[in-house]
Structures are given as C-alpha cells and as structure tokens.
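Novice: Let me give you the structure first, and then I'll get to my questions.
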Amino acid sequence: MSFCVVGAGFSGAIIARHLAERGHKVTVVDERPHIGGNCHTERDAETGVMIHKYGPHIFHTADQRAWDYVQQFGTFLPYVNRVKAISQGRVYTLPVNLLTINQFFGTTMGPKEARAFIEGKADKSITSPRSFEEQALSMIGPELYKAFFYGYTRKQWGLEPTELPASILKRLPLRFNYDDNYFNHPYQGMPEEGYTGIVQNILKVDGIDLRLGCSFESLEETFQHVFYTGPIDRFFQFKLGRLGYRTLDFERFVDDGDHQGTAVINYCDEEVPFTRISEHKHFAPWEQDKFSKTVCFREYSRLAGEDDVPYYPIRLVNEKQMLDSYIELARAEKGVSFLGRLGTYRYLDMDVTITEALAACDRIDSALQAAELNLPSFFIDPS
C-alpha cells in the first residue's frame, strides 16, 4: 500500500518507520529543510555547540515503552533539568521547593513548617480554580505567585493569568524538600548526538521516500491514506479561520567560556522583555568543557503570525469553538488521520507525542489486518 506522512518530527517518523517495516511505500514530506520538527538540533557553526534550534527540549517520561523506543535509535546520557529564576534582583531555584521558600521568605523552615506556612498563604476560598491565577493563589499564595509566575506568564502567553486555564499551572510541581529536579519522571536524559540524529535513525529504513522542502499541498500523487501532523486548520485551508498559537523569537549571542553557569534561567519580572536565557552547551554536560566559546539565546514570546513557526496552542474559548468545528470537518474527511501537536491542536511534551504515536501504530496494525482499511480520523480525542 502507498501512504503519505506529513511532517518529519517524532510523530511522523515513528508512523513512517512502522509502515515501511511492514512493507508499505511511505512518502514523508516536510516543508522545512530539515527533519526533527521543533526538536531539531544542530551544531552551531561558530562555536561547535549542539543547539536546540527551536528552544530547549529535555527528554523525560514515565512511559517505559517510549523510553525503550527512543534508545533503539541513539545513546541517551543522564541529564537533570535544574532551572534557575531571577525575580526582583535575586536568583532562586525552580520548581518552587524548600530552598526557594526559605530563600524567598528569609527563613530556615523544615518540610512540615514550610507546608503549614504555604497552606497559610494559600487562598482556601478557591475550591475549584477556574484560571491560572486562581490555581496559583490556591496553591502557593500571592507572594510566590507574583514573584515567579505572574510576570513570566504574561510574557509567555501575552494574556492576563485570569484568562488562562488552570490546567497550565497544574503541571508545575510544588515541593517541600530540596529536590530541584524540574521533572519527577523516572526516565530522563539527553541524546548524545542530538534529537535530529534520533529522528534520522528512525527514518533510516527501506521504503521511505523523504522529501524535505516539500509541502503537502504541492504533491500530485494520490495515496491510500494520509497521516497528517501539520496544523489541522491549514489542512482545511483555514476555511473556518486560524487557530491561535504563540511563537518564539530567539536572540542569539556568543560569549567566551561560561556565560550563566546553567542551562536555563527564567526572567520572571515583567519589565524584562524576554522570558529566559538558555545556554546550550549545558544541555550536553559530557562535552561542555571542550568548547572555548558558548552560545546563548534570549527567548521572546509573541502571538504567531501567518508565516511564523507555531509553538504553543492557545486554546482559549474562541479557539476551542473553532477547533470543535475543525474536528467535525476532520471526522468527515476520508483517508486522513490527524495526529501530533499540530494535528490535534494540543500542547504535548515530547514523550507524550512518542507514546501517542506508538499507540497509533498499534491501531494501524489492527486496521491493516482487516479486510478493508478503516483508520480513524484521530487516534486520541483532541477535544
């Protein structure tokens, strides 16, 4: 059978390899000049540092299957994401933990004292938080919220925290010990040769015709089924309008030696125009000392325009209504399955993208064994 996979990120690469290994012809198209999607990594021409071209990506997961899968295609070395934050002229550690609390309030509390102290700060009148701000106030109280989340969130999303859903903050940890590992998943690491090397190895199988710098709209062939990981509204030529995304601008600068001493520092104060600075050699600690220069990126967030790279789906009320309409169109479309971050208009961590793609492969196997190919429009409910 002949299939088309639109997008050469993790979702598309996993689906393409799975089909090719089963003897099918697979055409993979991506209009960018490289594979890997927003996880694309490459060596910086001036410094030699491995850079994350579209912003930092740290692999972390609790899914054994996803972890085992990626390790087939490259070596993952230990990496712990330890984020620092500058607020009101002082440096703190994130996520908010016992050190952050004691630093911020000038105290020397233990875990039990700190828990009781923060519970006293939290707004207990908020029993069912409806917004980001209500979620924060009900968790940590006004002082820590204003110091670490209010200004940063306004810069990141371009909206008041009262307009954002509570779910955005629910994924951020609050700890009453000195653990400064940003993630609590059992499997964490960084690919030794970058994410693009991993995706390249996934696609390295007979039966895949990879076309870079090629848009889906430019194809003239017909296929028995299309797996579409591009923006769902673009597939329908934006006939119902454009779904909202935030995009990122990166200001690159080079320094001698070590610029900030860590991979990521968040700038929480609203008057600082950028959200964070990432220093990319620290994402590969096994090789960071061999570089005489270092490359850093200041990160600025704004609303995505028509020609911008889409990063974060906004999913406010108007986007949700428009999305539901696009979902109805997609369910009525024959011969196309939508998946991935853009195809389902959902914020997905890298490991979740991989987990969902592997689960989709299971469904594909079942469909291929049936007398008639009957693949779903969505492998997971995008609503």
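The values are calculated or read from the model by the stated rules, or taken from the named source; none is laboratory data. On a predicted model such as this, the values are computed, not experimentally measured, just so you know. Every residue, glycine among them, receives a Cβ derived from its backbone with ideal geometry; neighbour counts consider all protein chains shown. These area figures cover heavy atoms from the full protein model, side chains too; ligands, DNA and RNA do not enter into them. Shrake-Rupley method; radii C 1.70, N 1.55, O 1.52, S 1.80 Å.
Novice: Tell me, please, whether a residue that is in contact with a strand residue (DSSP E or B) (Cβ under 7 Å, 6 or more places away or on another chain), part of a strand (DSSP E or B), of a type outside the set (Lys, Arg) and under 24 Å from residue 5 (Cα atoms) can be found in segment 337-344.
Specialist: The answer is yes, given that some residue of segment 337-344 is in contact with a strand residue (DSSP E or B) (Cβ under 7 Å, 6 or more places away or on another chain), part of a strand (DSSP E or B), of a type outside the set (Lys, Arg) and under 24 Å from residue 5 (Cα atoms).
Novice: Could you check, for segment 230-244, whether at least one of its residues is in contact with a strand residue (DSSP E or B) (Cβ under 7 Å, 6 or more places away or on another chain), closer than 30 Å to residue 78 by Cα and crowded, with 20+ Cβ neighbours inside 10 Å?
Specialist: For segment 230-244, residues in contact with a strand residue (DSSP E or B) (Cβ under 7 Å, 6 or more places away or on another chain), closer than 30 Å to residue 78 by Cα and crowded, with 20+ Cβ neighbours inside 10 Å: absent.
Novice: Which numbered condition in (1) closer than 30 Å to residue 277 by Cβ; (2) modelled with pLDDT of 95 or more; (3) among the aliphatic types (A, V, I, L, M) is the only one that residue 316 fails?
Specialist: (2)
Novice: Now for a different question. State all residues of segment 336-366 that are acidic (Asp, Glu), modelled with pLDDT under 95 and under 19 Å from the mean Cα position of the chain (by Cα); if no residue qualifies, say none.
Specialist: 349
Novice: Within segment 118-140, which residues are in a loop (DSSP other than H, G, I, E, B) and in contact (Cβ under 8 Å) with a residue 12 or more places away in the chain?
Specialist: Matches in segment 118-140: 122, 123, 124, 126, 129, 130, 131.
Novice: Output the number of residues of segment 1-54 satisfying the condition of being crowded, with 17+ Cβ neighbours inside 10 Å, within 17 Å of residue 69 (Cα to Cα) and not hydrophobic (A, V, I, L, M, F, W, C).
Specialist: Residues in segment 1-54 being crowded, with 17+ Cβ neighbours inside 10 Å, within 17 Å of residue 69 (Cα to Cα) and not hydrophobic (A, V, I, L, M, F, W, C): 6 in total.
Novice: Taking interchain pairs and intrachain pairs at least six residues apart, which have beta carbon atoms under 9 angstrom, with the first residue in segment 164-177 and under 15 Å from residue 133 (Cα atoms) and outside any helix (DSSP H, G or I) and the second open to solvent by less than 40 Å² (accessible area, probe 1.4 Å) and among the aromatic types (Phe, Trp, Tyr)?
Specialist: Going by the 9 Å Cβ cut-off, the qualifying pairs are 164/132; 164/157; 165/132; 166/132; 172/149.
Novice: Another question, then. With respect to residue 363, determine if the residue is within 24 Å of residue 225 (Cβ to Cβ), touching a Pro at 6+ places or on another chain (Cβ under 8 Å) and surrounded by fewer than 17 Cβ atoms within 10 Å (Cβ to Cβ).
Specialist: yes
Novice: Here is a further query. Have a look at 192, 163, 143, 134 and point out the one that is farther than 27 Å from residue 63 by Cα and at pLDDT 95 or above.
Specialist: 143
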